[in-house]
Amino acid sequence: MSAEAAAVALNMITSELGGDNEGVAIVYLADMIRTHLNDLREHFNRASRLAFKGDQPAA
């Protein structure tokens, strides 16, 4: 996520929450990013395991 996209997302979340909830929006956005990174890590690890299996000679 680019800095600009993060700023836009932060503004959208803050406006949805209403009032002066920028701190809550930052925590929410950070959690979204963390979740997304964990998902990407899981997919990458799965792909790496499959690729490693493909490189093994047949038994």
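Coordinate-derived values only; no laboratory data. Keep in mind that this is a model prediction, so the values were computed, not measured.
Quick check: the angle from helix 22-55's long axis to the longest principal axis of the chain, C-alpha only, nearest 10 degrees?
That helix lies at roughly 10 degrees to the long axis.
Hey, what does the equivalent ellipsoid look like for the chain, semi-axes from the Cα gyration tensor as sqrt of 5 times each eigenvalue, largest first, whole Å?
Computed over the chain, the values are 40, 10, 6 Å.
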